[in-house]
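For reference, the structure is listed below as structure tokens.
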Amino acid sequence: MFSKLPVPAELLNELEVQFAPPDHEVFQLTPPAFDQHASLFYNSLGRPRVSYDSFWDIYCQILHLFQVNEGQPEDMPTASLANTLAKELDSHFDTIARISNKGVSLLPGMEELRQGGQVVGDAGDVGSSGPSSIPAAVFTDESSSEGDEDERC
């Protein structure tokens with residue numbers, strides 16, 4: 001039914017540069033100061049391989065380094081890590097808000113969605129006036145099973 005079509009890598013690279021340049025602000029997922037510190041802390045751990053089994057331990061180690069403020073970059077000797085990150089987070093959230101409020105132009109040959117932005121709808125509007133029967137996950141800070149280890153850092 002579906003076939004793979006060979007696409008030259010050069011074409012993909014050209015499309016990436018045109019439509020998704022890696023340095024575009026939308027791809028900056030964390031503020032630069034946070035990235036600088038997190039990278040420094042991760043490097044200080046010896047850049048361990050992150051996997052399903054190792055993620056939590058690595059996260060806890062990096063969190064601890066943030067909490068004790070070890071590895072403060074030399075170019076910020078008097079600045080507090082928390083204050084620096086707080087200022088950058090404010091700026092980062094302003095950037096996110098600005099990007100979110102920009103309209104996205106349709107690509108040539110594309111049409112608006114038939115139902116506008118209402119693609120999925122509200123969970124309660126699935127043909128009934130009552131609450132949705134769609135299962136939902138419930139997250140708590142408490143363990144539901146006896147004998148579970150406390151997984152907090």
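Values quoted throughout were computed directly from the atomic coordinates according to the rules given, and no laboratory measurement underlies them. Being a predicted model, the structure only gives us computed values, none of them experimental. No Cβ is skipped: glycine too gets one built from the backbone with ideal geometry, and neighbour counts run over all protein chains shown.
May I ask you to compute the full-extension gain from residue 17 to residue 51, defined as 0.36 nm times their residue separation minus their alpha-carbon distance, rounded to one decimal in nm? Show your work: numbers first, answer last.
Values: separation 34, 0.36 × 34 = 12.24 nm, distance 3.04 nm.
Between residue 17 and residue 51, full extension yields 9.2 nm more.
What is the order of 102, 4, 87, fewest Cβ neighbours within 10 Å to most?
Working: 102 8, 4 5, 87 13.
Lowest to highest Cβ neighbour count: 4, 102, 87.
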